[in-house]
1. Find, to one decimal place in angstroms, the Kirkwood hydrodynamic radius of the chain, where the mean of 1/r is taken over every pair of different Cα atoms and then inverted.
2. Points 7 angstrom from Cα along the Cβ direction at His7 and Val45: gap in nanometres?
3. For the chain, set up a GNM with springs between Cα atoms under 10 Å and report which of Phe28, Phe71, Phe50 has the largest fluctuation.
4. GNM, the chain, Cα, under 10 Å: largest mean-square fluctuation among Ile16, Ile34, Ile69?
5. Which is farthest toward the positive dipole end of the chain among Ser63, Gln26, Ser46, measuring Cα position about the Cα centre, with Cβ charges +1 (Lys, Arg) and -1 (Asp, Glu)?
6. With an 8 Å cut-off on Cα pairs and a minimum separation of 6 or more residues, tell me the relative contact order of the range 5-66 in percent.
Amino acid sequence: MFSALIHVALGVYLQILPKTWRNVLQMFGSMQLILASGLLIWGFVSETYFLKTFSDLSRFGISLLLAGIGFHLIGGFLVHHER
């Protein structure tokens, strides 16, 4: 649910920006968010049903979510001042 909430919030906020470097940062951040969602799903299934213990899969997924949000924030930082 954490990952889904981030995707919903990003969908409300996302604006494709005209500057190339900002657009690249946003796309890279979006790819990280998609990979993190897959990693969180994989971590949930494997930790719950196969390993029956904790592993680093969920931790890596949450860290990747943080990195993806960070790239979106850097890409969208001070956009209104440049227009």
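Nothing in this text is a laboratory measurement; each read-out follows from the coordinates by a stated rule. A quick note: this is a predicted structure, and the numbers were derived from the prediction, not measured. Methodologically, a virtual Cβ is constructed for each residue, glycine included, from the backbone with ideal geometry; neighbour enumeration extends over all protein chains shown.
1. Result for the chain, one decimal place: 13.6 Å.
2. Label-label distance for His7 and Val45, simple model: 1.4 nm.
3. Taking springs between Cα atoms under 10 Å, the residue moving most is Phe50.
4. The residue that fluctuates most here is Ile16.
5. My answer, from the dipole projection, is Gln26.
6. That works out to 32 percent.
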